[in-house]
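Asks: Please read through the structure below; I'll follow up with questions.
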Amino acid sequence: MIECVFTLDYEVYGDGQGALGELVYEPAERLRALFLRHGVRFVNFVEVAEFHRIDQVGSDPAIDSVKRQIRELHAGGFEIGLHLHPQWCNAVYGQGRWVLDSTEYNLCTLSRPRIAHIVDEALRYLRSLLDEPTFTPISFRAGNWLFQPTQPAAGVLAERGLRVDSSVFKGGRQRRVGLDYRRSLKNGEYWTFAADVNEPDPHGALIEMPIHVGMVPFWKMLTTKRVALHNRMGDAAARSSRLGRLGDFMRFRYPLKLDFCRMTLDELTSMIERIICTDRKAPESLMPVVAIGHTKDLVDVGTVDSFLSYLAANSIPVSTFASLYPRLSSPALAFSTSCDVDS
């Protein structure tokens, strides 16, 4: 049985540029209205370190609207997940722009005390923002999908009550930052893990629910819509990073994420059709399918609307990690075997 989880990375550009109103608040408002109209919810991965620093410095007047929106989404049944780009923690603002701390780009390479401090500060800010002193998100997504080396970060998150990670995209490889998720291709749609997020471990405290991918020829990444989004103004650091990653892209089969902001409707429905074919082989097994989007990438809400209608027409529920977790936490279910590799 397929259940689709829509996850939204709620953030500005990766180099700190961009206005909150344009890149975060307004796109999220359009999505909120759309999902409410369809009677479903998405997981809002709030980039807490970013908003905390913007709030502290007062660099963008729209921060108050963003904070109110997060509270309203939470009250409206949208799951609030924890998303962290730790380079924001020591970010400095001056002359109208942010300078981020590249030495803390990967949370997982920091010392355990530093990881614990960053996570604790993020939870403190989120609880204050929501006015819920005991609030703990169930789900986490690492900045730039970097959840390697997995320990001690996974242990810190589990100790604080988080239960689901959704950082992995199977087959992912970024040599420059040490990301390598190729070994996870052999895993099912979800698995428990401990020492290494790539390796299923029945004794792990966290469940990995990866972003769904199809392994495709690299040239299929070069759609007009995706190229246009890559070339948008404002994320110079990301464009430079992509140039430095040509070696990662130059392979015959590349992981195409199920991205509801970057993919065309035909791409989205074609990927789901292949998943439906896999599901028919074991319809009694729960098959969570995680889609990703970014507020800064939402330029075509009509495609998302049509995709939600397509899922409804095919009787595919839209769920959240919080509603799925009770059905995934049993060790007997943790090693679902399904094929998410598309030809």
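The values are calculated or read from the model by the stated rules, or taken from the named source; none is laboratory data. What you see is a predicted model, and the numbers here were worked out from it, not measured in a lab. Don't worry about glycine lacking a Cβ; one is built from the backbone with ideal geometry, like all the others, and counts go over all protein chains shown.
Asks: Answer yes or no as to whether ARG163 is farther than 23 Å from SER323 by Cα and among the basic types (Lys, Arg).
Replies: no
Asks: Restricting attention to the range 250-269, which residues are closer than 20 Å to GLU208 by Cβ and assigned to a strand (DSSP E or B)?
Replies: PRO255, LEU256, LYS257, ASP259, listed by residue number.
Asks: Restricting to the range 7-16, and then to whatever is of a type outside the set (Ser, Thr, Tyr) and in contact with a Leu (Cβ under 9 Å, 6 or more places away or on another chain), can you tell me which residue is surrounded by the fewest Cβ atoms within 10 Å (Cβ to Cβ)? Talk me through it step by step, then tell me what you get.
Replies: As a first pass, look at the range 7-16 and keep what is of a type outside the set (Ser, Thr, Tyr): 8-9, 11-12, 14-16.
Checking which are in contact with a Leu (Cβ under 9 Å, 6 or more places away or on another chain) leaves us with 8, 11-12, 14-16.
On the way: LEU8: 28, GLU11: 24, VAL12: 24, GLY14: 21, ASP15: 19, GLY16: 23.
Within the range 7-16, the match that is surrounded by the fewest Cβ atoms within 10 Å (Cβ to Cβ) is ASP15.
Asks: I've got another one for you. How many residues does the range 275-301 contain that are more than 24 Å from TRP191 (Cα to Cα), of a type outside the set (A, V, I, L, M, F, W, C) and surrounded by 18 or more Cβ atoms within 10 Å (Cβ to Cβ)?
Replies: Count: 4.
Asks: Among residues belonging to the range 302-335 that are modelled with pLDDT of 95 or more, of a type in the set (A, V, I, L, M) and surrounded by 15 or more Cβ atoms within 10 Å (Cβ to Cβ), point out the one that is farthest from ILE275 (Cα to Cα).
Replies: If we take residues in the range 302-335 being modelled with pLDDT of 95 or more, of a type in the set (A, V, I, L, M) and surrounded by 15 or more Cβ atoms within 10 Å (Cβ to Cβ), then ALA322 is farthest from ILE275 (Cα to Cα).
Asks: Right, here's the next one. Condition first: within 21 Å of the chain's Cα centre (by Cα), within 21 Å of GLY81 (Cα to Cα) and β-branched (Val, Ile, Thr). Now tell me which residues in the range 92-134 satisfy that.
Replies: Scanning the range 92-134 gives ILE115, ILE118, VAL119.
Asks: Can you tell me which residue in the range 157-190 is farthest from GLU79 (Cα to Cα), limited to those that are modelled with pLDDT of 95 or more, hydrophobic (A, V, I, L, M, F, W, C) and not in a strand (DSSP E or B)?
Replies: LEU185
Asks: Shifting gears a bit: Of the residues in the range 158-177, how many are in contact with a strand residue (DSSP E or B) (Cβ under 6 Å, 6 or more places away or on another chain) and in contact (Cβ under 8 Å) with a residue 60 or more places away in the chain?
Replies: Number of matching residues: 8.
Asks: Would you pick out the residues in the range 113-155 that are among the small types (Gly, Ala, Ser), assigned to a helix (DSSP H, G or I) and touching a helix residue (DSSP H, G or I) at 6+ places or on another chain (Cβ under 7 Å)?
Replies: The answer is ALA116, ALA122, GLY143, ALA153.
Asks: Continuing with the same structure: So in the range 135-144, with the set limited to residues that are within 17 Å of the chain's Cα centre (by Cα) and surrounded by fewer than 21 Cβ atoms within 10 Å (Cβ to Cβ), which one is modelled with the highest pLDDT?
Replies: Applying the filter and picking the extreme gives ILE138.
Asks: Do you know which of the residues in the range 270-286 that are assigned to a loop (DSSP other than H, G, I, E, B) and among the hydrophobic types (A, V, I, L, M, F, W, C) is farthest from LYS257 (Cα to Cα)?
Replies: ALA282
Asks: Here are some residues: VAL92, VAL119. Which one is touching a strand residue (DSSP E or B) at 6+ places or on another chain (Cβ under 9 Å), modelled with pLDDT of 95 or more, among the β-branched types (Val, Ile, Thr) and exposed (fewer than 14 other Cβ atoms within 10 Å of the Cβ)? Reasoning before the result, please.
Replies: On the way: VAL119 fails: exposed (fewer than 14 other Cβ atoms within 10 Å of the Cβ).
Going through VAL92, VAL119 in turn, just one is touching a strand residue (DSSP E or B) at 6+ places or on another chain (Cβ under 9 Å), modelled with pLDDT of 95 or more, among the β-branched types (Val, Ile, Thr) and exposed (fewer than 14 other Cβ atoms within 10 Å of the Cβ): VAL92.
Asks: With respect to GLU22, is the statement that it is touching a residue at least 24 places away in the same chain (Cβ under 8 Å) and either out of contact with any Leu (no Cβ under 6 Å at 6 or more places or on another chain) or closer than 22 Å to VAL164 by Cβ (or both) true?
Replies: For GLU22, the condition - touching a residue at least 24 places away in the same chain (Cβ under 8 Å) and either out of contact with any Leu (no Cβ under 6 Å at 6 or more places or on another chain) or closer than 22 Å to VAL164 by Cβ (or both) - is not met.
Asks: Select from the range 17-44 the residues that are in a loop (DSSP other than H, G, I, E, B) and not hydrophobic (A, V, I, L, M, F, W, C) and list them in ascending order.
Replies: GLN17, GLY18, GLY39, ARG41
Asks: Now a separate question. What single numbered condition from (1) in contact with an Asp or Glu (Cβ under 7 Å, 6 or more places away or on another chain); (2) aromatic (Phe, Trp, Tyr); (3) farther than 21 Å from GLY77 by Cβ fails to hold for PHE140?
Replies: So PHE140 meets the others, but not (3).
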